[in-house]
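The structure appears below as structure tokens.
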Amino acid sequence: MLWEEKVPLSSILKGSQQIFICEQKVKKMQTALCFLRELLSWYTLSQNPHMPHVLYAAIPPVWVCCDMSDTAGTAWLGAESICTDNKVNAIKLYSVCCKGATVENSSLITLDELKQEHQRRHHATTVTTKGCAQYSLLGATVVENSIIESNRSVIADFQWRNVEKVLETPPLSAHAALFIKVTVGDMKSSTYQTYKELEFLDILAEGLRTGETEWLDPPDPKSAVDLTRALIEELENIGNNIQGQAAKATESATRLNIFDSVILERGDLDFTEQLWVKMRRSVTSYQDVTDCLKMVIKAVRYGQIKPWIHRNSSNSLSKLILQSYQQQQQQQVDTISLTGLMPIQMLLEMGLDKMRKDYINYFIGMELTTLNYLSYYLNTEIDLQEQLIRVKKLHHLLEIMETCTTFLNLPYERLFHFTQSCLQYYKTSAYNEDHAFQMQVKPAQISCLCQKEKPISWGVELSSGQGCREVKTSSYFSDKPLVDHATFDSDGLFDRTVIDENKQVPYYSTMVTCSLVNF
């Protein structure tokens with residue numbers, strides 16, 4: 001019987017061009033199995049150079065998808081031609097068989113049995129073994145014996161040689177890597193308030209694109225106009241003293257960061273950054289934004305305030321304020337027309353400026369990178385939509401770094417090199433929360449974390465021969481079926497929403513064998 005859908009076996013088999021044969025279901029299993037084997041026979045005959053009227057060029061591998069109705073649980077059958085000097089001289093026949101989950105490790109195939117199977121097929125004099133294992137160090141959490149899925153995933157991947165037994169613990173000599181994936185916006189994260197700030201930037205950017213802005217309920221009950229007026233009055237009360245303003249900025253930033261992320265706490269918020277924080281937490285309409293900006297621009301034009309601004313600020317309001325420093329007469333300060341989408345654009349610019357400095361404060365303060373590496377993300381010469389995308393990339397990396405520092409406790413040198421690789425990746429790749437960032441580590445650095453866990457997958461590969469004539473026999477054990485279309489009667493026996501630490505992990509078995517046929 002053949003399966004109805006195309007199902008790649010990416011978890012086990014790797015190849016370039018492949019032909020997948022997936023026909024409609026056949027009523028009789030015997031007829032289906034015969035048909036499958038006929039397909040492979042036709043493929044083999046078409047590649048045999050000793051047969052008349054055959055193809056003289058190698059064709060891509062062929063895979064036929066089975067429904068596992070036979071006693072071996074065959075999920076896939078495959079064939080691949082082997083070439084030497086552009087001539088086909090052999091063919092490899094593959095078989096992928098699956099078994100349902102079991103918690104009895106004693107029922108799993110042993111390494112000796114696997115070696116016997118490999119020897120029976122290939123009569124090899126020398127056999128090498130390779131092991132692989134994966135552990136979930138951070139993923140679903142257990143609350144009252146129930147699994148709660150997490151938006152963070154950290155998988156430890158091990159590979160080593162000279163396997164001694166099935167399901168053995170990876171040795172300290174193994175090659176180890178962490179695959180880290182984070183979906184931003186976890187309410188339990190210390191970066192959550194920063195995420196909400198970024199979310200508001202996204203709303204403003206969407207308003208620029210569409211001309212309509214969907215305002216959220218403000219966290220601050222006070223009106224944006226009242227908060228802006230109070231900020232201007234504070235500046236007037238300290239007599240426009242720059243040093244006093246800097247001190248006030250520190251005080252204000254400390255007060256505001258009670259609600260904000262501690263991880264990005266800053267004490268050097270300039271005037272536009274303080275204004276952004278107040279408006280972000282209180283504006284409810286386009287009119288609020290316009291009224292607040294009009295009030296600030298009027299105070300600047302008439303010399304009521306001369307607020308402190310970061311020299312490298314690039315938003316329109318900062319430029320206007322910096323210009324007012326240099327002008328003696330108020331008439332010489334440029335006029336900004338607060339009509340159309342200009343107020344939204346100005347507010348978006350203020351937020352982008354502030355958040356870029358937040359991320360600089362974190363990455364530079366933690367000594368994870370340099371300004372040179374961040375230059376791509378800090379470019380203000382590009383359009384605002386692209387600026388926002390790059391800021392979102394920085395936030396994604398921030399949450400990844402928080403995961404590494406909070407949960408993994410990795411040494412500084414690993415985090416430093418990992419940060420550089422992540423920044424380099426996002427220079428050329430689109431924003432993607434599904435991407436798993438890879439970090440090379442030493443097994444000893446994560447062994448204590450793995451000791452508390454059981455592997456979510458474990459595999460051993462036996463191989464003999466060399467080059468294209470290398471043959472392999474592999475066995476994999478995993479907590480989920482590696483073949484997408486596999487279904488088992490045992491699936492209902494194990495409830496994966498409930499965990500008992502004293503019970504064994506149920507493992508599905510997948511075995512991949514191959515035979516080499518010479519022409």
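The convex hull built on the alpha-carbon positions of segment 414-465 has an orientation-averaged projected area of 6.7 nm². Seen through its C-alpha gyration tensor, with square-root eigenvalues sorted a ≥ b ≥ c, segment 368-519 comes out prolate because a/c lies at 1.5 or above while a/b is bigger than b/c.
Between the beta carbons of ASN237 and TYR286, assuming R0 = 25 Å, the FRET efficiency works out to 0.25 to the nearest 0.05. Once both labels are positioned 7 Å from their Cα atoms along Cα-to-Cβ, the gap between MET51 and LEU338 label points is 8.2 nm. Remark: accessible surface ordering of THR380, THR194 (largest first) is THR380, THR194, probe radius 1.4 Å.
Taking 0.36 nm per residue of separation and subtracting the current Cα-Cα distance, fully stretching the chain between ARG209 and ASP85 would add 38.9 nm.
Given a 1.4 Å probe and the protein chains as shown, GLU38 ends up with an accessible area of around 90 Å². Sorting 66-72, 202-208, 397-403, 358-364 by average packing, meaning the other beta carbons within 10 Å per residue, from highest down gives 397-403, 358-364, 202-208, 66-72.
Spatial offset of segment 451-492 relative to segment 340-362 amounts to 50 Å, using the alpha carbon center of each. Using the Karplus relation 6.51 cos²θ - 1.76 cosθ + 1.60 with θ = phi - 60°, the per-residue 3J(HN,Hα) values for segment 442-459 come to 8, x, 5, 6, 10, 4, 5, 6, 6, 4, 7, 10, 9, x, 7, 8, 8, x Hz, with x marking Gly and Pro. Summing Cβ point charges (Lys, Arg +1; Asp, Glu -1) relative to the Cα centre of segment 175-240 gives a dipole of roughly 400 debye. The length gained by stretching the chain between ARG120 and ASP217 to full extension, at 0.36 nm per residue less their Cα-Cα distance, is 27.9 nm. Oblate is the label for segment 61-127, because the ratio a/c of its alpha-carbon gyration tensor axes (a ≥ b ≥ c) is 1.5 or higher and a/b is not greater than b/c.
Placing a pseudo-label 7 Å from each Cα along the Cα-to-Cβ vector at ASN162 and ASN361 gives an inter-label distance of 5.3 nm. For segment 319-473, the carbon plus sulfur part of the accessible surface works out to 49%, probe radius 1.4 Å. For segment 382-464, report the accessible area per residue in Å² (1.4 Å probe, heavy atoms, rounded to an integer). I get 42 Å² per residue for this part.
For the set ARG161, ARG209, the ranking by accessible area, highest first and with no ligand, DNA or RNA atoms included, is ARG161, ARG209 under a 1.4 Å probe. Just to verify a number: FRET efficiency for ASP202 and TYR373, C-beta to C-beta distance, R0 = 25 Å, to 0.05? The formula returns an efficiency of 0.50 here.
The values are calculated or read from the model by the stated rules, or taken from the named source; none is laboratory data. Since the model is a prediction, treat every value here as computed from it, not as a measurement. No Cβ is skipped: glycine too gets one built from the backbone with ideal geometry, and neighbour counts run over all protein chains shown. Each accessible area value is taken on the protein alone, full model and side chains, heavy atoms only, with ligands, DNA and RNA left out. Shrake-Rupley method; radii C 1.70, N 1.55, O 1.52, S 1.80 Å.
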